[in-house]
Every structure is written in C-alpha cells, then in structure tokens.
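One structure is given here, and the rest of the page talks about it.
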Amino acid sequence: MVAGLCLGWVGISYSALAQGGQEPVSLSVVTVRGYAAERFLAGQKVQPLDSTTLAQFRYQSLTDLLALNTPLLFKNYGPGQLATVSFRGTSASHTAVLWNGVNINQPMAGLTDFSTIPVAGFDQLSVQYGSAASVVGSDAVGGSILLKTMPDFTKSGLSVFAGHQQGSFRNHQSQGGARYTGRLGSQWQVAGKTVVYGNQLNNRYPYPERKYYYLEPTEARQRGLLQDLYFRNRQGRQVSVNAWLTDNDLVQAPADTIGRERTRTQNYRLMGTYEASHTTVRAGWFRDVLDYAKGDFSRPSHSLMDRLMTRVEHERLLLPGLSLRAGAEASHYRTQVDGYGGQVVQENRADLYALTRYQGRRWLVSANLRQGFATGYRAPFTPSIGGEYQLIRQAAWQLTAKGSVGRSYRMPTLNERYWLNLGNPALKPEQGVNAEAGLAARTTTAKAWQLTAELTTYRNRVKDWTYWNPTRNYRVENLQEVLARGVEWNGSATYTQGRWQTGMRAGYAYTRSTQERVYDVYAQDVVGKQLVYVPLHTGNLSAFVKRGPTRLTIQTLLNTKQYITFDNIQALPAYTLTNVLLNTHWQWGAVMAQMQGQINNVFDVLYLNVRRNAMPGRNYALSLFLTVNTNKNAKL
Amino acid sequence: MQNSKFLLLAGLAGLLASCQTKDPEPTPYESGILILNEGNFSQNNGTISYLARTSTAAKYDIFNQVNTRSLKGGVSGYTEVDGKGLILVDNSTAGLDQVEIVDASTFKSIATLKTPDIENPRQVIRVAANKAYVSCWDVSGDFSAGTFYKEPGYIAVVDLGSNKVTKKIPGIRANEWMVLVGNEVFLGSRYNGDKLMAVIDVTKDEVTQKLTVGTNPRPFAVDANSRLWISSGSEMIRMNTQTKTIEARIPAGSDATKTPSAVGISPDKRTIYFVRSYYDANYNSKGEVYSFGISDAAISTTKPIVNRYFSNLNVDPQTGNLYGTAVPSFGQAGYVLRYQATGALIDSVKAEISPAGVYFK
C-alpha cells in the first residue's frame with residue numbers, strides 16, 4: 001500500500017513530532033520509539049490503516065474494519081459472536097495479534113476472537129502480511145495484526161470526548177474518555193489517555209428469517225476500559241503503563257431458558273515499559289477468563305489463564321545505516337481450565353532473537369534470527385532474510401522491488417497439549433517456510449493526483465499442521481501439510497481540487513490453500529482441496545467523495561464461495577456486501593462534533609454465517625462524537 | 001425485418017402457450033434410495049442425496065436442487081406419508097429446528113413446521129392416513145449438568161391434510177424410536193436412566209402405558225411372528241405386543257461393553273442384522289455386522305457377516321441388500337456400502353456429510 005513504510009516507522013514518527021510539536025522535548029537520534037517490529041521485516045508488505053478509516057469504524061469491531069479494508073477473511077458466527085481470521089489461506093491460530101508489540105492471542109485456543117476487539121481499543125493499526133516468526137515469534141505464520149496505542153506529546157492540555165451510536169435492531173454503542181498531556185516539573189512530560197466503552201447488541205431483528213434462512217437470536221454486551229500513561233524526560237527516557245480491560249458477554253437464544261448458551265470472556269491486559277536510549281524493558285500480565293454455560297448460568301464451565309511476560313531488547317547502530325536489535329523474552333503460563341481436568345497447568349516459554357537492518361541509498365535489507373523454547377521442547381529455529389530495492393526513484397514517483405524468505409512456527413496451544421484425553425503433550429510445533437516477492441509503486445509529489453499500487457505473490461508451506469482428527473474421536477495430531485500460495489494486489493488513488501477530494505482504495509487477493517498430505521485412506525478425498533472457509537477470490541473497494549468536512553464513502557467487499565467441507569463438496573455461496581457512510585463535522589470554538597450516518601448491507605444481500613444461518617439484512621446506524629479540546633495546539 | 005419480428009413474436013407466443021399447457025410433472029424421486037446425511041452439527045449442513053437402485057453415483061442435496069435453498073440443520077429423520085415426505089431438521093441453535101414437508105416424488109417444498117411445535121425432532125413414522133408422529137426431545141439443556149434431556153419429551157402429531165401439528169403428546173424423557181403395531185405406537189428412549197418405554201394409542205393420541213424394559217430401549221421391527229424387537233444395552237429383547245410382556249432377553253454376544261448400535265430386519269422378517277460396536281484404545285469406533293434368526297435362543301458373535309464397523313445399517317425391504325454407512329469425519333463425504341444378505345460386497349457409493357441412514361422408496 002504505502003511502499004515507503006518499511007523504510008522507517010521511526011522516520012514517520014519523528015516527522016510527526018517535528019511538524020506538530022509545540023514544545024517538543026529533544027530526543028537523542030538513536031532512540032527507537034514505538035514497537036516497530038515491522039522495521040525489521042524488509043521485503044514484506046505492511047499496510048497501515050489511516051486514521052479516517054479508523055474513525056469511521058470506531059463503534060465497530062476489528063472484524064468489520066479488517067474485512068472491508070484488507071484481504072483478511074473471517075469465519076463469522078454472527079453479530080457480536082465469535083469471529084476468527086484466516087490470513088493468506090491459513091487457519092485462525094496462524095495470525096499473531098500484537099498489542100503494543102506483545103502477542104495477545106488467547107493461549108488456550110491460540111487465537112483471537114476479533115469480535116471482542118473494538119476499534120476503540122487502540123490508536124493505530126497495521127496489517128503485516130506473511131510469516132514474521134523471526135520478528136514476532138509464534139503464530140505469525142499467515143501474518144500479524146499490529147495494534148498500538150500512541151501517546152501524543154505534541155499537544156498539551158486536555159481533550160475530553162464522548163460518543164454514542166444508535167443502530168437498527170436496538171443496538172447501541174457508547175464511549176467516552178480523555179486525552180491529556182502536560183509537564184511534571186522541568187524534566188518530565190506526561191501524556192495519557194483514558195477510555196471507557198460499552199456496546200449493547202440486542203439484535204432484535206424485526207424478521208425471524210430471511211429467504212427461509214433463520215437469524216440467530218443473540219444478545220451481546222461488551223464493556224472495556226483503557227488506560228495509557230506515558231512519562232518521558234529530556235534525556236529521552238520513557239516509562240509507560242498500558243492497561244486494557246475487556247468484558248464480553250454473549251447469550252445465544254436468550255429467550256429459551258433451557259437451551260440458551262452464555263459465553264463470557266474477560267481479558268485483563270497490563271503492561272509496563274521502560275525505554276532508555278538503546279534499551280527497552282517490558283513486563284506484562286495478561287489474564288483471560290472464559291465462562292461457558294448452557295441453560296443454568298449460575299454454574300459455568302470456567303477457564304482461567306494467566307500469563308506473565310518480560311522482554312528485554314537492546315538496539316545499537318553498528319555502522320552507519322546498519323542497526324542490530326537483540327532481545328530475549330520469557331513467559332510463564334498458568335492455567336486452570338475445566339477441560340484440562342481441573343489441574344493447574346503451567347508452561348514456560350522463552351525466545352531469543354537478533355534482528356538486523358541495513359538502510360542504504362536504494363537498498364533496505366534485514367536478516368533476522370529467532371529461537372523459541374517451551375517447556376518440554378524447542379521450537380524450530382526461524383531465520384529470515386528480506387530486502388527492498390528502489391528500482392526507480394524519480395521526482396514524481398518511485399518503484400520498489402521487494403522479496404523475502406523466512407521460516408515460521410506455531411507452538412501448540414494449551415488446548416492442543418493439555419485437553420483431557422484429546423490433547424497431546426508431545427505434539428510438535430508446526431513449522432513453515434514462506435517466500436514472497438512484490439513490487440510497490442507510488443507517486444511522491446504533492447500533486448492533485450496521488451497514486452499507490454502494490455503487487456505481491458507468496459508461497460507458504462506449513463508442515464506438521466495440527467488437526468483435531470475426527471476419525472480418532474477428535475484427538476489432536478500433527479497430520480497435515482498445507483501449501484498456501486497467492487497473489488495480492490492493492491492500490492489507491494486520490495484526486496484533490498480546491499475543497500473537493502475524491503478517491504478510492506481497492507484490493508484483490510487470490511488465495512489457493514490446499515492440504516497436501518495423505519495420512520489415511522479417506523484423506524485421498526481431501527488432498528489438493530481448498531481449505532475450508534478460504535474463498536479463492538476476495539476483493540474490497542472503498543471509494544469516497546469529500547467536500548470540506550463532509551465525506552461520502554462506499555465500502556464493498558466480495559468473497560467468492562467458501563467451501564465448508566474438507567473435500568469441497570459443500571460451500572457457502574459467494575456474496576457482495578456494500579455499506580454507505582456519510583460523515584461530517586462541525587467546530588464551535590473548543591467543541592468539535594463529528595456525525596456519521598451509515599447504511600450497512602445497502603442491497604439487503606442474503607449471506608450466511610458459519611452455522612449457515614442468515615446474517616442481518618439492510619440496517620442503519622447514526623452516531624455522534626463530541627470532543628472538547630482545551631489543547632493549546634488544537635486542530636483536527 | 002418485419003417478418004423476422006413477426007416470427008419472433010409468434011415464437012414467443014408459442015413459448016408462452018406451451019408454458020400454459022400443463023406438462024405432467026416429472027417425478028424424479030418416485031422410487032429409489034434416499035441417503036439421509038446428518039451433516040456436521042455445528043455447521044447445519046445436513047442434506048438428502050438420491051440414489052437409484054441401479055446407480056453407483058448419488059445425486060447430491062436434492063432438496064436444494066429443487067427448492068434452491070438448503071435445509072437449515074442436520075437431517076435427523078425422514079419418512080413418507082401418503083405422497084408427502086417429512087424431513088426432520090435439527091439446527092444447532094435452540095428454537096430453529098423444523099420439519100420440512102415435501103412432495104415425495106418431486107421433493108418440492110409444501111410446508112415447514114417450526115418451533116414451538118418442533119424442538120429436537122428425532123424420528124418420524126406414519127401412524128394412519130395423512131397422519132404422522134414426530135418424536136421430539138424438546139429443548140435440550142446442559143449435558144454436563146445432567147439436564148440435557150428434558151423430562152418428558154413429546155410426540156408431535158402432524159396432520160398432513162392441513163400440514164399442521166395438531167397435538168403434542170407428552171411422552172418419556174429422550175423419546176426417540178417408534179414402531180407402529182396395529183393401533184399402538186411403541187416408543188423407545190435414548191436416555192439410559194429411566195429404562196422406560198411408552199405405548200401410545202394412535203386413535204386417541206395418548207400414552208396408555210409405560211413399560212420398564214431396559215437401558216436405551218430401541219424398538220426397531222416387528223417380525224414374522226408379530227413380535228416386537230427391541231435393542232437395549234447389550235441385549236436383544238423380544239416383546240409380545242398384545243400382552244406387553246417380554247418373552248426373551250438375548251445377550252448380543254458375551255461382552256457387555258460391545259453393544260448393538262444399528263439394527264435391521266430382513267424382508268421376510270425372519271433375520272435380524274445388527275452392528276455390534278465399541279471404542280478401541282485409540283478412541284476409534286470399531287465393530288462388525290452379525291445376524292440371527294427370530295427364533296434363535298442365543299446370538300452367536302463368533303463369525304461376523306461383515307467384518308467392518310458402520311455408523312448405521314439398513315436393510316432394503318425390496319432386495320434384502322444391506323446398506324452400511326461409513327463416516328470418515330464430519331468434514332468430508334461419507335460412504336454407503338452395499339452388501340448382499342450373505343455379506344458379499346456389492347459396491348460403495350460416495351454420499352455427503354455423515355450419512356446416518358437410508359430410506360428405501
């Protein structure tokens with residue numbers, strides 16, 4: 001998307017500081033801010049989502065945001081219900097979700113339920129394509145989702161915000177909070193953000209079925225609290241605390257007191273970070289609580305997972321343009337899960353890694369090494385190398401060639417190792433080899449037209465793919481081998497004239513992902529077949545026209561049919577989904593009001609969830625977001 | 001030019017006229033075999049495939065082919081009543097189960113029975129002209145809390161004149177299997193705690209008697225001597241339907257951990273076939289097919305007639321051939337294997353997801 005992004009996250013944040021800063025504290029040049037893992041992934045594609053898009057989705061979940069703006073695919077169980085990802089033809093546990101640099105995949109199932117992550121929960125989001133085990137660690141097989149919270153030291157003062165969205169089906173979302181930046185004495189600055197949010201999805205559909213397909217009666221309530229505090233001094237030292245508490249409560253068939261089902265997930269994420277000029281030390285505590293009950297909600301099946309982690313990283317400039325980052329991470333897992341027989345299960349994991357990056361005039365090269373360990377066994381050694389070269393660097397535009405190759409792995413999840421009878425403590429980690437190459441072009445001058453385009457092709461082979469083997473009563477085994485390969489294209493164009501601006505962003509992905517290994521007589525029906533829930537073709541298009549503060553956006557996504565059986569004899573039909581959004585804002589002195597009207601599924605298309613029940617038809621949402629700004633440097 | 005336009009119009013008129021003359025409705029599913037594919041429960045992808053007796057290739061998902069919409073759950077049962085087919089459909093979400101009523105020879109949808117009339121439908125039988133019984137567990141609760149089977153389940157009485165449920169007869173917990181004998185339905189149960197069966201008078205639609213029989217009593221056939229056969233735990237039970245007394249309890253082999261899991265009777269109603277199944281140390285389902293005569297005093301399990309496990313076994317009442325269903329997993333097509341009554345393999349037909357039974361037309 002943005003070809004130059006890999007050229008330096010650091011550069012971008014510095015320029016932001018330089019431009020917006022009223023009284024920026026001078027920083028030493030070698031300070032590495034942020035959790036810029038992707039800096040060491042030269043040759044790989046990273047797609048940041050812009051702040052306008054994030055604002056448009058601020059009342060929605062990460063599922064909606066990514067489905068409409070990236071080629072990521074979701075196995076969606078319905079509004080407010082479980083949504084798991086498939087990235088480049090891999091399974092739900094092959095995408096690492098990083099919150100401020102730390103993997104927050106729930107360790108029991110080794111995946112993230114994207115319906116439980118509201119867009120309100122972070123400030124920045126990038127999608128990193130392809131294996132990145134050497135930089136990210138376990139789970140980064142298909143790709144990674146990088147969620148970040150960012151302090152804003154460029155302003156001082158207080159900004160308070162509150163918003164509400166009212167939608168069809170008696171669904172509503174609210175959020176409120178404050179951002180603040182100030183001084184602590186002569187040496188220190190403090191920046192922070194506090195956000196609370198609450199979403200109530202009542203899903204009171206006026207129709208029980210659509211074209212003979214039922215809608216599932218469900219209710220979901222989501223609440224959360226975010227607290228970020230950053231302290232930094234004139235010497236460039238920074239201490240920060242990030243906390244994110246979430247509570248998601250989903251009830252299926254709520255009116256049926258016997259058959260109703262409740263799934264409640266609570267996440268506690270707390271992290272402290274100390275950054276000096278060359279060194280970062282981080283410690284975190286992550287707790288995931290999962291309660292499931294049917295009928296009688298008073299005695300749920302209970303799962304509790306605690307993870308304590310610490311990471312130390314040191315970065316150094318070895319030569320001009322050549323930097324090295326070395327790090328070590330250790331995690332301790334402690335779980336009490338009913339499904340593990342009630343026993344306390346503990347596991348330790350550790351990683352050692354060394355990342356290098358060379359930035360030349362036209363060249364960007366990185367070479368990385370990582371070794372992961374876990375109680376009982378060792379992860380595969382995962383090196384990677386990648387590079388980018390600017391083929392054309394003209395005043396008006398530039399063209400960059402990219403390529404990378406690397407190994408990846410996924411540690412077995414705790415369920416896979418410890419689930420009573422079905423789990424297998426001796427399960428091997430999965431391991432893969434990913435290679436990709438691409439071309440990225442973009443215009444570089446501030447002309448009326450701004451264009452970007454990127455084309456990538458990849459091939460990712462994963463061995464020892466774990467499989468809950470139905471022919472062995474769902475015991476887990478390293479049975480399969482999956483080969484995923486594909487082509488991705490995306491591009492954007494904007495045209496500006498006076499107060500008018502128009503533009504579009506489009507993406508297309510061809511994904512062929514197949515199971516390759518014959519392990520029993522019936523596997524012959526499955527070999528070479530497309531993986532379930534991975535459509536061969538996906539596309540998305542977002543087009544807008546804007547005049548002054550008012551913007552009209554059309555978002556469309558297309559998925560071709562998705563097979564639902566391993567032998568490809570059954571499929572969910574293809575569908576196209578289109579939403580229309582109208583945004584505008586007003587400013588009265590210190591008060592800013594942002595308003596958004598939204599029509600989802602404009603064409604009232606029938607499409608089905610994973611259980612083959614219907615998803616909702618055309619629906620509406622209206623939202624208002626108010627900001628009161630006492631910042632000295634207050635501008636949108 | 002004018003001419004060609006005229007011709008076109010004339011052709012169109014002819015086409016329209018031909019639409020109005022009523023061609024005889026093709027009846028592709030008049031006779032043959034329906035394979036009931038249960039599907040994967042959480043995916044609600046049950047289907048019915050059609051197989052001509054002489055064919056080795058099944059036609060997939062015929063309900064969808066005819067009605068351009070799929071069934072909305074697992075297929076848990078099927079029968080035909082006076083030209084109409086009743087498909088029992090079990091959705092994984094509570095409150096979304098239904099019975100689809102179709103024209104039995106075209107499979108065109110006629111009506112849909114829904115909640116609260118239908119909840120966890122298990123088996124359907126014809127009990128009189130235009131009248132069917134559908135056994136329903138009712139809403140199921142939490143398995144681990146022991147509240148999975150509601151007490152009691154019920155029988156939905158379906159009138160196929162109006163295509164409506166006219167009555168819900170309170171039955172027994174987890175009531176499932178039904179066999180009609182005269183004017184009485186013998187109703188069995190999947191629950192192993194009560195050991196009960198019930199007798200329903202189909203002229204009154206009322207339970208007239210409850211009988212203590214044994215674990216998981218599964219009535220399945222009436223033999224040539226008008227005796228009712230019930231498989232229960234590891235026993236085969238022979239019941240006198242007049243006196244409601246048990247005449248014989250015959251152990252199906254000497255190992256009580258191996259139980260009959262699928263049962264059928266020969267066209268002459270003199271030979272009973274069953275799959276005797278168990279789990280091996282690796283959690284694989286194992287088993288073999290055995291047979292015995294209705295007058296045998298004991299069942300020998302020394303020599304199976306087919307040395308293979310099937311999830312279900314049905315006997316074709318026309319030919320006497322055995323149809324065994326094999327389910328490799330709930331994520332790929334299963335197979336129906338056909339055998340002669342002697343146990344000689346005829347062929348194997350690829351079905352859809354989790355074939356769980358066969359209906360002979």
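Basic side chains Lys and Arg get +1 at the Cβ, acidic Asp and Glu get -1 at the Cβ, and with that the dipole of the stretch B:178-217 about its Cα centre reaches some 180 debye.
Would you kindly calculate the translational diffusion coefficient of the stretch A:461-522, applying Stokes-Einstein with the Kirkwood radius from alpha carbon pairs, for 25 °C and a viscosity of 0.890 mPa s, and quote it in µm² s⁻¹ without decimals? Once the numbers are plugged in, D ends up at 159 µm²/s. Interface burial in the stretch A:568-584, defined as at least 50 Å² less accessible area with all protein chains than with the chain alone at a 1.4 Å probe, covers A:Ile569, A:Gln570. Applying Stokes-Einstein at 4 °C and 1.567 mPa s to the Kirkwood radius of the stretch A:325-405, computed over alpha-carbon pairs, gives a translational diffusion coefficient of 81 µm² s⁻¹. Taking a ≥ b ≥ c as the square roots of the Cα gyration tensor eigenvalues, the stretch B:111-199 comes out oblate, since a/c reaches at least 1.5 and a/b does not exceed b/c.
How would B:Phe292, B:Phe41 rank on accessible area, largest to smallest, probe 1.4 Å?
Numbers: B:Phe292 10, B:Phe41 115 Å².
Result of the area sort, largest leading: B:Phe41, B:Phe292.
Kindly write out, for the stretch B:310-320 in residue order, the coupling ³J(HN,Hα) from the Karplus curve 6.51 cos²θ - 1.76 cosθ + 1.60 (θ = phi - 60°), rounded to whole Hz, with x marking Gly and Pro. Each residue of the stretch B:310-320 in turn: 10, 6, 8, 9, 10, 10, 6, x, 7, 10, x Hz.
Kirkwood Rh over alpha-carbon pairs of the stretch A:268-362, then Stokes-Einstein at 37 °C and 0.692 mPa s: what D in µm² s⁻¹, rounded to an integer?
Values: Rh = 16.4 Å.
Rounded, D is 201 µm²/s.
Note on the stretch A:372-412: Kirkwood hydrodynamic radius from all Cα pairs is 13.2 Å, rounded to one decimal. Residues within the reach of a label modelled at A:Ala493 (point 7 angstrom out along Cα to beta-carbon, backbone nitrogen below 17 Å), restricted to the stretch A:540-557, are A:540-546, A:554. For A:Lys155, the lysines whose Cα falls under 28 Å of its own Cα, not counting residues fewer than eight places away in the same chain, are A:Lys193, A:Lys546, A:Lys632, A:Lys635. Per residue, the accessible area of the stretch A:84-202 comes to 24 Å² when a 1.4 Å probe rolls over the protein heavy atoms.
Sorted largest first, the principal axis extents computed over the alpha-carbon atoms of the stretch B:70-143 equal 38, 27, 17 Å.
One compactness figure for the stretch A:90-236 is 1.34, namely its Cα radius of gyration divided by 2.2 N^0.38 Å.
Heavy atoms of chains B and A lose about 3400 Å² of accessible surface on contact, summed over both sides with a 1.4 Å probe. When the convex hull of its Cα atoms is viewed from all sides, the stretch A:406-524 shows a mean projected area of 11.0 nm². Convex hull volume of the C-alpha atoms in the stretch A:81-161, normalised per residue: 109 Å³.
Rg then Dmax, both in Å and based on the Cα atoms of the stretch B:54-191: 15.1, 49. Residues of the stretch A:247-274 whose accessible area, computed with a 1.4 Å probe over protein heavy atoms, drops by at least 10 Å² once all protein chains are present relative to their chain alone are A:Gln252, A:Ala253, A:Asp256, A:Ile258, A:Gly259, A:Glu261.
Taking all protein chains together and rolling a 1.4 Å probe, B:Lys114 ends up with roughly 70 Å² accessible.
Under the definition of partner shielding as Cβ atoms of other protein chains within 10 Å of a residue Cβ, what is the mean value for peptide A:554-566?
Values: counts 0, 0, 0, 0, 0, 0, 0, 0, 0, 0, 7, 11, 7.
Partner Cβ neighbours, averaged per residue: 2.
Coupling constants for the stretch A:398-406 follow from the phi torsions by the Karplus curve (6.51 cos²θ - 1.76 cosθ + 1.60, θ = phi - 60°), and in residue order they are 9, 10, 10, 9, 10, x, 7, 9, x Hz; glycine and proline get x.
Taking only protein heavy atoms and a 1.4 Å probe, what accessible area per residue, in Å², does the stretch A:206-318 have with all protein chains in place? Don't jump to the answer; show the numbers that get you there.
Values: 4900 Å² over 113 residues.
Ligands and nucleic acids excluded, the result is 43 Å² per residue.
Whole-percent P(r), the stretch A:150-286, all Cα pairs, 5 Å bins from 0: 2, 9, 14, 15, 14, 11, 9, 8, 7, 5, 4, 2, 1, 0. The lysines whose alpha-carbon is closer than 25 Å to the alpha-carbon of A:Lys402, local same-chain residues fewer than 8 away aside, are A:Lys45.
Ignoring ligands, DNA and RNA, please state the percent of accessible area on chain A from carbon and sulfur, probe 1.4 Å. Answer for chain A is 61 percent, counting heavy atoms of protein chains only.
The stretch A:393-444 and the stretch A:298-332 have Cα centres lying 18 Å from one another. Counting every pair of alpha carbons in the stretch A:484-636, the share spaced more than 25 Å apart comes to 52 percent. Here's the thing: no aspartates and glutamates lie within a cross-link span of A:Lys447, going by alpha-carbon distance under 16 Å and ignoring same-chain residues fewer than 8 apart. Inter-label distance, A:Phe231 to A:Ala243: 1.5 nm, where each label sits 7 Å from its Cα along the C-beta direction. Once the convex hull of all Cα atoms in the stretch A:213-298 is built, its volume per residue stands at 118 Å³. Computed with every protein chain present, the accessible area of A:Arg170 is close to 140 Å² [probe 1.4 Å].
For the cross-link pairs B:Lys167/B:Lys195; B:Lys131/B:Lys286; B:Lys84/B:Lys204; B:Lys114/B:Lys210; A:Lys529/B:Lys361, the ones whose C-alpha atoms lie over 30 Å apart are B:Lys131/B:Lys286; A:Lys529/B:Lys361. Counting every Cα pair in the stretch B:291-341, what percent are over 13 Å apart? Above the 13 Å cut-off, the stretch B:291-341 has 66 percent of its Cα pairs. Helix B:2-20 axis versus longest C-alpha principal axis of chain B: approximately 30°, rounded to the nearest ten. Taking amide H atoms as placed 1.01 Å from N in the peptide plane, the amide H of A:Gly101 lies under 5 Å from those of A:Leu147, each 5 or more residues away in sequence or on another chain. Normalised Debye scattering of chain A at q = 0.12 Å⁻¹ gives log10 I(q)/I(0) of -1.48, counting only Cα atoms as equal scatterers and leaving out solvent.
Each of A:Leu572, A:Pro300, B:Leu86 was scored by the projection of its Cα onto the charge dipole of the protein assembly as shown, and the greatest displacement toward the positive side belongs to A:Leu572; charges sit on the C-beta of Lys, Arg, Asp and Glu. Pick out, from B:Val306, B:Val99, A:Tyr607, the residue whose Cα sits farthest towards the positive end of the charge dipole of the protein assembly as shown, with +1 on the Cβ of Lys and Arg and -1 on the Cβ of Asp and Glu. It is A:Tyr607. Between B:Thr342 and A:Thr576, the simple label model (points 7 Å from Cα in the Cβ direction) yields a spacing of 6.1 nm. Take the Cα radius of gyration of the stretch A:506-585 and divide it by 2.2 N^0.38 Å, N being the number of residues; the result is 1.62. Got a sec? Which residues in the stretch A:392-407 would a label at A:Leu451 touch, if it sits 7 Å along Cα→Cβ and we count backbone N under 13 Å? It comes to A:396-399, nothing else. Across peptide B:330-341, the average count of Cβ atoms from other chains found within 10 Å of a residue's Cβ is 3.
Determine the share of the stretch B:111-234's accessible area contributed by carbon and sulfur atoms, expressed in whole percent, with a 1.4 angstrom probe.
On the way: 2100 of 4690 Å².
The nonpolar share, carbon plus sulfur, comes to 45 percent.
The GNM of chain B, with springs linking C-alpha atoms under 10 angstrom apart, assigns the highest mean-square fluctuation among B:Ile230, B:Ile299, B:Ile125 to B:Ile299.
Measuring heavy-atom accessible area with a 1.4 angstrom probe and counting protein chains only, the residues of the stretch B:277-303 that give up at least 30 Å² relative to the chain alone are B:Asn282, B:Tyr283, B:Asn284. Each residue of the stretch A:590-599 was assigned a 3J(HN,Hα) from its phi angle through the Karplus expression (A = 6.51, B = -1.76, C = 1.60, θ = phi - 60°), giving 7, 9, 10, 10, 10, 10, 9, x, 9, 10 Hz with x at Gly and Pro.
With the convex hull drawn over the C-alpha atoms of the stretch B:122-256, the volume per residue is 103 Å³. Taking the charge dipole of the stretch A:349-446 about its Cα centre, with +1 at Lys and Arg Cβ atoms and -1 at Asp and Glu Cβ atoms, the residue from A:Leu414, A:Gly403, A:Ala374 reaching farthest to the positive side is A:Gly403.
Mean-square fluctuation check for chain B, GNM, Cα pairs under 10 Å: which of B:Lys210, B:Lys303, B:Lys72 is largest? Result for chain B, Cα springs under 10 Å: B:Lys303 fluctuates most.
Accessible area per residue for the stretch A:440-480 is 47 Å², calculated with a 1.4 Å probe on protein heavy atoms, without ligands, DNA or RNA.
Summing Cβ point charges (Lys, Arg +1; Asp, Glu -1) relative to the Cα centre of the protein assembly as shown gives a dipole of roughly 3040 debye. Computed across the stretch B:245-326, the Kirkwood hydrodynamic radius from all distinct Cα-Cα pairs reaches 13.3 Å.
Within the assembled protein chains, the solvent-accessible surface assigned to B:Ile246 is about 60 Å², based on a 1.4 Å probe. Taking only the alpha-carbon positions of chain B and ignoring solvent, what does the Debye formula give for the base-10 log of I(q)/I(0) at q = 0.07 Å⁻¹? Treating every Cα as an identical point scatterer, log10 I(q)/I(0) equals -0.32.
The values are calculated or read from the model by the stated rules, or taken from the named source; none is laboratory data. The structure displayed is predicted, hence computed values, not measured ones. Backbone-built Cβ (ideal geometry, glycine too); neighbour counts: all protein chains shown. In case anyone asks, the SASA skips ligands and DNA or RNA and just uses the protein heavy atoms, side chains included. Shrake-Rupley method; radii C 1.70, N 1.55, O 1.52, S 1.80 Å.
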